[in-house]
Structures are given as structure tokens and as C-alpha cells.
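J.: Quick one: the structure is below, and I'll ask about it shortly.
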Amino acid sequence: ITPLLQFDRPNKLEVDAAKHSANDSVNKAERLADYWVFGGIYRPVYLEAVPAQFIERVAIDARHDGTLTLEVFAGSVKGADAVEAQVTSLEGKPEGELFSQSLAGSNVTLRTRLANPRPWTAETPNLYLVEVRLMQATNVLHRVKQRFGFRTMEVRDGEGLFVNDRKVILKGAIRDSFWPDSGRCLSEAVHRLDLAALKEMNLNAVRTSPGPPDSAFLDLCDELGFYVLDELADRK
């Protein structure tokens, strides 16, 4: 919508929210499944202003041995020549060395390895931050921060689920995104109430059924220590 914006005056944004999806498989899933259907917007919707050269998204693969791979996708890289990244603690203390990769196209892969990382499990939900910067020489064009944990998830045939080379038994419950007086419009406080109740029952896993939750719930699962089976309803 950038060409439509008027930067010297207020702008008006109107949204037309349809009751039915343009994707017929979504309609079948919602109307044939076992949950209530609501119209309108009930999850965060926002516009974000970014520089002309910016990082679109970052995909993180962080293993429990400290191996870290970042797939950096840039929306526009005209004038940018490199991408650099720094891992820190949640308090901002640097962890490991700054690492970087020259930029030839719009996407780039960065790799490093942290010595003696604190791995993430449901019992020890250790988290880190990584700041990724789009660079032009020494000038930072755009930066993004993302929270993550070092963990290795593996399903071994005939043995079960292993987390960081240790077998884990999932004890969980199905949790739908719903609240009695707000429907599917949930707050962080509601997410925390649900997860606190699950912790009190000594559970360590959540199946988000029958549809995916908002990102705030998944972030809290990372923070509080829950394994998540994220489900996408789809019936064709």
C-alpha cells in the first residue's frame, strides 16, 4: 500500500471482513469441524513501516549442540552488501562472536556455533535473542530481533520423541483458542491463565486444536516450557 499513502496528512484505512473465506477448504474445515465460527477480526492486524531496504523475515534452526543456522529473507536489498548477526542473552549480554555473510541476492544463510549453550527443554526453557542486521558497509540499514531456544527435536522410529538426545514423554491436553466472554479474541493474560493451569496439572505439552493459535500463545509456550503440536484445520 506504500504508493497509496499520503505522508503529509492523515490516512484512512478501511477493512471489509467477509464471513466466509475465499478458500473453500477453509469454509469446509470451519463449518464441518467441532468449533464455533465467528466473523470479524479477532487477532492482531497491523501495518508496519520499514526502510526502503529491509529484512522481511528470519528462519532460525538452533540445535542443542550450539549449532545455529539463520535463513535471512530480505524484501529489498538495493544498496545492501552484507548481513550480520549477534546472539545475546535476554538481558542483552553478547553470547559468542558476531557473525556475518556477504549478500549477493535477496536471501542469505548465516551459520555459527555457540560454545556451551544452555539448551531449551520444557523443564529448562532457556531462551536467547538474536539481532540480525542488514548492512551497507558499516551502516545499519535495518535490524530485527527474534527470541529462540537451542533444542534438537527428533522422532526415532519405534522409540519415540527425543529432545536433545533424551527421550521425552508428552503429557498434555488439547487447547482451543476460546474464552467464554470474548470468543476467539484472546489476550496474553488469558493465554497465561491457560498455561498456568496446565503447569499445575504437571503437563508439558499442548495440542492446539482444532486450529493454530496466535503467535503470542506460541511465544509463551517457549517462555514457560511447553512442547507444542500446532494444528492447521483443513478438510478438502
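J.: Apply the Kirkwood formula to segment 6-132: the hydrodynamic radius equals the inverse of the mean of 1/r over all pairs of different alpha-carbon atoms; give it in Å with one decimal.
T.: Roughly 18.9 Å, rounded to one decimal.
J.: Now for a separate question. Using a probe radius of 1.4 Å on heavy atoms only, what accessible surface per residue do you get for segment 165-206? Whole Å² is fine.
T.: It amounts to 63 Å² per residue over segment 165-206.
J.: If you don't mind, another one. Using the Kirkwood formula on the Cα atoms of segment 164-213, what hydrodynamic radius do you get, in angstrom to one decimal?
T.: Computed over Cα pairs of segment 164-213, the Kirkwood hydrodynamic radius comes out at 12.1 Å.
J.: Based on Cβ point charges of +1 for Lys and Arg and -1 for Asp and Glu, what charge dipole magnitude is obtained for segment 1-94 about its Cα centre, in debye rounded to the nearest 20?
T.: So the dipole magnitude of segment 1-94 works out to roughly 300 debye.
J.: With +1 assigned to the C-beta of every Lys and Arg and -1 to the C-beta of every Asp and Glu, and no other charges, what is the dipole magnitude of segment 116-236 about the Cα centre in debye, to the nearest 20?
T.: About 260 debye.
J.: Once every Cα of segment 65-193 carries one equal point scatterer and solvent is ignored, give the base-10 log of I(q)/I(0) from the Debye formula at q = 0.09, 0.11 Å⁻¹, two decimals.
T.: -0.41, -0.59
J.: Report the longest stretch of the chain that contains none of the GluC sites (Glu not before Pro) sitting in a DSSP loop with at most 12 other Cβ atoms within 10 Å.
T.: Here the longest segment lacking exposed loop sites spans 160-236.
J.: Mean projection of the alpha-carbon convex hull of the chain over all orientations, in nm²?
T.: 17.4
J.: Which of the trypsin sites (Lys or Arg not before Pro) found in segment 30-109 are in a DSSP loop and have at most 11 neighbouring Cβ atoms, other than their own, within 10 Å?
T.: In loop regions of segment 30-109 (DSSP not H, G, I, E or B), the sparsely surrounded trypsin sites (Lys or Arg not before Pro) are 78.
J.: Excluding same-chain pairs closer than 8 in sequence, count the lysine pairs in the chain whose Cα atoms lie under 29 Å apart.
T.: 8
J.: If you roll a 1.4 angstrom probe over the protein chains with everything in place, what fraction of the accessible area of segment 1-140 belongs to carbon and sulfur, to the nearest %?
T.: 51
J.: Got a sec to turn the phi values of segment 184-200 into Karplus ³J(HN,Hα) couplings, 6.51 cos²θ - 1.76 cosθ + 1.60 with θ = phi - 60°, whole Hz, x for Gly and Pro?
T.: Karplus values, whole Hz, x for Gly and Pro: 8, 8, 10, 10, 4, 4, 5, 4, 5, 4, 4, 5, 5, 5, 5, 4, 5.
J.: Same structure, new question: Putting +1 on Lys and Arg Cβ atoms and -1 on Asp and Glu Cβ atoms, find which of 215, 119, 105 reaches farthest to the positive end of the dipole of segment 84-236.
T.: The residue sitting farthest along the positive end of the dipole is 105.
J.: Using 0.36 nm per residue of separation minus the Cα-Cα distance, give me the extension gain between residue 192 and residue 23 in nm, one decimal.
T.: 57.6 nm
The values are calculated or read from the model by the stated rules, or taken from the named source; none is laboratory data. Note that the structure is predicted; figures quoted are calculated from it, not measured. Using ideal geometry, Cβ is built from the backbone for each residue, glycine included, and neighbour counts are taken over all protein chains shown. Side chains are part of the model used for accessible areas, which takes the heavy atoms of the whole protein and leaves out ligands, DNA and RNA. Shrake-Rupley method; radii C 1.70, N 1.55, O 1.52, S 1.80 Å.
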